[in-house]
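Heads up: the structure comes next, in structure tokens.
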Amino acid sequence: MMQLHAGATAVSDDPLHAPRACDGRAPDVFRPGGWVPMRQYRESEPVDFAIVGTGAGGGTLACKLAEYGFSVVAFDAGPYFRPLEDFASDESEQTKLYWTDDRIVDGDNPLQLGSNNSGKAVGGSTVHFAMVSLRFRPEWFKSRSMLGYGADWPLDWHEMWSYYAEIEQALKIAGPVTYPWGPPRPRYPYRAHPLNGAARALAKGCEALGIKWTETPLATLSAPRGLARPCVYRGFCVTGCSTNAKQSALVTWIPRAIAAGAEIRDLAMVGRVEVESSGLVSGVHYHRDGRWRFQRARNVVVAGYAIETPRLLLNSATARFPNGLANSSGLVGKNLMTQSNQAVWGRLEQEVRSYKGPPSLAITEHWNYEDRGKDFFGGYSYMSQGPLPQLWANTLFNARGLWGNSLVEAMKDYNHVVGLKIVGEMLPQESNRVTLSEEVDQYGLRIPRITYSWCDNDKRLIDHSLKFMRRALEAVNATDIWIQDDDTCHLNGTARMGSDARSSVVDADCRSWDIPNLWICDGSVFPTVGGANPSLTIQAIACRTADRIRALARRGELEAGSARPSIHRCSIEVQRL
Amino acid sequence: MNRPAERDLIAMAGIAASGLALASLLSSSSARVRPPRWRLAAPGRNRSSNPETVKAARRLNRAAGTLAASVLADSSVEHYRGSFKNKAMYTPLLVSALTLATSLHGTADMRPLAHKARDATYLLAAATGLVGSGFHLYNVGKRVGGFSWQNVFYGAPIGAPMAILLSGLLGFCSERVREAHRTRPRIFRLPAGRAIAAVTGAGLLGTTGEAGLLHFRGAYHNPFMLLPVTLPPIGAALLMSAAGGGPGRTHRFTRWWMRLLTGMGFAGVGFHAYGVSRNMGGWRNWSQNILNGPPLPAPPSFAGLALAGLAALGLMKAHPDA
Ligand SMILES: Cc1cc2nc3c(=O)[nH]c(=O)nc-3n(C[C@H](O)[C@H](O)[C@H](O)COP(=O)(O)OP(=O)(O)OC[C@H]3O[C@@H](n4cnc5c(N)ncnc54)[C@H](O)[C@@H]3O)c2cc1C
Ligand code: SF4
């Protein structure tokens, strides 16, 4: 294996300003200063798949397609980090992981964008996500016909169940020995992590209220795996994990993709998908190393997450597709769904030290699976919390208006803070949407405007959860209980999948109805969001899409001129993990 | 000196003592030992001894000592990790150190006489094991979730105190064997060799249970983690069948298996050392990873039991009806 040490690369090693994946090699995320060989493709020759975004959707798909023998180039606007070297135990420094490019927010409940919902890095938002890895409740795939709200997915839950199992294996999810809700699932590959003080408080509250709880299935290692170390419980997860315990796309799918012959291009912002006169897409225009370039491709997959995906599709409008690509339904950008992320906080007499370990070690999905006693559609789960100090000070300032002495006094209680937070389902509404504003960003691209307002159902769900969580905290004798009522997390929708071209943007295979060689494979395709964190479902969809693409290719049903798995072998020796 | 420093010292001393003692235990038993002239030694009349029973007794002392060394090191590390939150957490360190010293003494002692102080210590060790198990059970049961996987994984290990109980039992047996120079060795009226083989077999099963639980917690991420849950139960079955079988069998295969288990027990330390290296920072970060990683002192308890198995088989060979 090729391995160079830091000295050899030192010329310019700022991942934020100079691309790292070039010259036939990419950073080895497991070895300080190390490199892995990486196949590279010529821009002038069409690759089978150009993938925009390397997060939960794009990273997974790049890996699977490359392993199936397709030629793949995956672009990411963000840097290629080396977690062992680039990640500091410093909240401010780590804001470098967030997508903080200009965006405009409005509506009755404007979203707060950045840290809590979007990443910009090879590996996407999974580089700083909180690792909670949940399956959807089976009925949610048919929430319109079975539960009476939202929209049906064109997917069958049984099939998704088998893809979930595949992802859980691929990420060595550490979860409880038996999961208390839903149909049986295979045992999680790794055992659950030990509970911290905050998780024990959640558990006690649930037991007092007579509902079930469990250890949260997490994408962080509870035992070694290859060169990745097990979790050390320092709790820096949402600012990037520096031990590689976190099974982000950056340390799982991406190394596999490269080993299988995919090329990753970091610091490569795709500004436009090119459409030929035939009506098919032919490649992507992207900005890297200070100039615009063009990569030819037989298929383009957009996987930039629920804001950047519609933005790119809208920004790629042509005379033939004046409303943007894949938008004959008019639904690109619409039905944006975030998830409610309200919390109840309190103080326990004994020390909690909630920041120790991954932030959400215990969970209850009771209100995801129980439909009685609800005055709203949808569900929510709630989890224990472990905010880092700076985030906590910010929360105290923003939500309670504490400043100066009162803030200092409140921070002294940091070790005693205990909190519960929901991930709640918000309903799809066409009025919640991503559109283009007239302003442009550093690349000269029109920036997105994100409009968001809660509907009455959203408010009722939040209300229910806050009352319930307050009881749960009271049950463990928490004092000084207060409510944080304005937080949201996770973004989905904006290019929903469906079984009808008039009411959806892509079909069950994530293929756009309008342009057969344009695909969308990320959180945007969700018709509904459920009350569970989305990443496992995004990755399951990506795995399914890869399988479908392979099947279609075998049957010759990819568009003319489009890919059959070109049996290529990486000529360079590649290290498999 | 402040308390954390004291604790550091105690834990380090525990580990060092157990290591040193284990080394001398294993080397002394193979060498021919002169009768010691220690104060502690019982003033004895010089009886005509039966070399085989004494030999078996000393081997049992050695087995008990190996177990005690494992407990001393393990409880030093684990209770240090638990910051000796409860004063009672010092007990296993003291008792296993005492048991270890006693076993060293027994291993060196050639006389065919039971020794009161040794007897007392071994009984104390057994009692400590029982009480410790009670403590650990209580600790697990009172955690939220009760006797759940979470708590048996991460609460006080229920099986761990059993090792000092076994050490005490084996030591106690050793004294019974030693004093049986004229009669057939008996323990509670049972043939000693067979009784010890059965106790050891049960001990192997129990220890397998603990290894199985903790290796399950580690998701058997390394295939070698299967060894201590597959080899020892076979050893236990072999010992049980030796205990139940008629006289006159040579148990060659069983003895061979016990040697294999002894080797596995010590090799386990190496595997666990490798496991420690796979944690963040590896051995450079030893002060954290020894606490985080797989317990280095745990696997030799298999060796201790296998040595006891060998002693029992030796005894049965010398006294076919033992
Ligand atoms: C703080 C935080 C905590 C979270 N916790 C959890 C959790 O515990 N469990 C869970 O399931 N989910 C969690 N999530 C959500 C989860 O991370 C996302 O839902 C998931 O990563 C989305 O996958 P994606 O592929 O759609 O987008 P991403 O993973 O965000 O990937 C999109 C990538 O595309 C790139 N990109 C976008 N546009 C372009 C362009 N035009 N050109 C080039 N590249 C582009 C971006 O740089 C980005 O890297 C969390 C998210 C955050 C921010
Ligand atoms: S707590 Fe675990 S997963 Fe989180 S950053 Fe630390 S090592 Fe990584």
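The values are calculated or read from the model by the stated rules, or taken from the named source; none is laboratory data. From a predicted model like this one, the values you see are computed outputs, not experimental measurements. Neighbour counts are summed over all protein chains in view; Cβ atoms, including those assigned to glycine, are modelled from backbone coordinates with ideal geometry. For the accessible areas, the whole protein counts, side chains as well, though only heavy atoms, and no ligand, DNA or RNA atoms are used. Shrake-Rupley method; radii C 1.70, N 1.55, O 1.52, S 1.80 Å.
Working only within region B:98-115, note down all residues that are assigned to a helix (DSSP H, G or I) and either modelled with pLDDT under 90 or surrounded by 19 or more Cβ atoms within 10 Å (Cβ to Cβ) (or both). Matches in region B:98-115: B:Leu98, B:Thr99, B:Leu100, B:Thr102, B:Ser103, B:Leu104, B:His105, B:Gly106, B:Thr107, B:Ala108.
Of the residues making up region A:475-500, those that are over 19 Å from A:Gly150 (Cβ atoms) and in a loop (DSSP other than H, G, I, E, B) number 6.
Regarding B:Gly201, is this residue within 14 Å of chain A (Cβ to nearest Cβ) and buried (at least 19 other Cβ atoms within 10 Å of the Cβ)? No. Looking at A:Arg31 and the list (1) more than 16 Å from ligand 2 (Cβ to nearest atom); (2) within 14 Å of another protein chain (Cβ to nearest Cβ); (3) of a type outside the set (Phe, Trp, Tyr); (4) open to solvent by less than 10 Å² (accessible area, probe 1.4 Å), which single condition is not satisfied? Failed condition: (4). The set of residues in region A:173-188 being open to solvent by less than 20 Å² (accessible area, probe 1.4 Å) and within 28 Å of A:Leu250 (Cβ to Cβ) consists of A:Ile173, A:Ala174, A:Gly175, A:Pro176, A:Tyr188.
Number of residues in region B:153-164 that are open to solvent by less than 30 Å² (accessible area, probe 1.4 Å), assigned to a helix (DSSP H, G or I) and within 12 Å of chain A (Cβ to nearest Cβ) equals 1. Can you list residue pairs whose Cβ atoms sit under 8 Å apart, with the first residue in region A:234-262 being away from every other protein chain (no Cβ under 14 Å) and the second being near ligand 2 (Cβ under 6 Å from one of its atoms) and open to solvent by 10 Å² or more (accessible area, probe 1.4 Å)? Count only pairs 6 or more apart in sequence or on different chains. Cβ pairs passing all conditions: A:Ser248/A:Cys241.
Please report, ordered by residue number, the strands (runs of 3 or more DSSP E) entirely within region A:280-355 with at least 1 residues that are open to solvent by 40 Å² or more (accessible area, probe 1.4 Å). Steps first, answer last, please.
On the way: elements: A:281-288, A:291-302, A:337-340, A:343-347.
By residue number, A:281-288, A:291-302, A:343-347.
The combined condition, being of a type in the set (Ser, Thr, Tyr) and open to solvent by less than 10 Å² (accessible area, probe 1.4 Å), is fulfilled by A:Thr60. Could you run through region A:108-146 and say how many residues are more than 11 Å from the chain's Cα centre (by Cα) and open to solvent by 40 Å² or more (accessible area, probe 1.4 Å)? Here the count works out to 10.
Would you confirm, using the coordinates I've provided, whether A:Thr178 is within 16 Å of ligand 1 (Cβ to nearest atom) and either farther than 27 Å from A:Ala508 by Cα or in contact (Cβ under 8 Å) with a residue 60 or more places away in the chain (or both)? No. Would you mind stating whether A:Cys510 is more than 14 Å from chain B (Cβ to nearest Cβ), at pLDDT 95 or above and more than 16 Å from ligand 2 (Cβ to nearest atom)? Yes, satisfied.
Of the set (1) within 11 Å of chain B (Cβ to nearest Cβ); (2) closer than 30 Å to A:Cys455 by Cα; (3) in contact with a helix residue (DSSP H, G or I) (Cβ under 6 Å, 6 or more places away or on another chain), all apply to A:Leu202 but (3). When you check A:Ala170 against the structure, is it more than 13 Å from chain B (Cβ to nearest Cβ), aliphatic (A, V, I, L, M) and open to solvent by 10 Å² or more (accessible area, probe 1.4 Å), yes or no? Judged against the criteria, A:Ala170 is a match.
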